[in-house]
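Quick notes on the structure that follows.
The values are calculated or read from the model by the stated rules, or taken from the named source; none is laboratory data. None of the values given here were measured: they were computed from a predicted structure. Here the Cβ is made from the backbone with ideal geometry for all residues, glycine too, and neighbour counts use every protein chain on show. What goes into the accessible areas is simple: the full protein's heavy atoms, side chains included, and nothing from ligands, DNA or RNA. Shrake-Rupley method; radii C 1.70, N 1.55, O 1.52, S 1.80 Å.
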Amino acid sequence: IKIDEDGVTTISQLKVGRNNLSFAAELPNYAGQKGDIVFNNNVSDSTFAWQCLGQFKWRVLKGIP
């Protein structure tokens, strides 16, 4: 955890309970743990995030159009 002089807190890896939360610009291509969430940082795509259903299976979570 890093806090800069403006009070901005940066966490490079975040785990809540047993699940990881992260960011990516495309569908994850790795085996996650069921319930992991990867938020989409590609603003040109309507996908809000992906939720891991186990192993390499990811479900698309759509944002509000």
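Look through the stretch 33-52, keep the residues that are over 10 Å from the mean Cα position of the chain (by Cα) and not in a strand (DSSP E or B), and return whichever of them is farthest from V16 (Cα to Cα). Across the stretch 33-52, the extreme among qualifying residues is S44.
Does V38 count as touching a Pro at 6+ places or on another chain (Cβ under 7 Å) and modelled with pLDDT of 95 or more?
Values: touching a Pro at 6+ places or on another chain (Cβ under 7 Å): yes; modelled with pLDDT of 95 or more: yes.
So V38 fits the description; yes.
Restricting the first member to the stretch 1-30 and to residues that are within 13 Å of C52 (Cα to Cα), and the second to residues that are among the acidic types (D, E) and surrounded by 10 or more Cβ atoms within 10 Å (Cβ to Cβ), the beta-carbon pairs closer than 8 Å and six or more apart or on different chains are N19/D36; N20/D36; L21/D36; S22/D36. Only a single criterion out of (1) open to solvent by less than 100 Å² (accessible area, probe 1.4 Å); (2) not in a strand (DSSP E or B) is not satisfied by Y30, namely (1). For the stretch 1-44, give me each residue that is over 22 Å from G63 (Cα atoms) and of a type in the set (S, T, Y). Those that are over 22 Å from G63 (Cα atoms) and of a type in the set (S, T, Y): T9, T10, S12, Y30.
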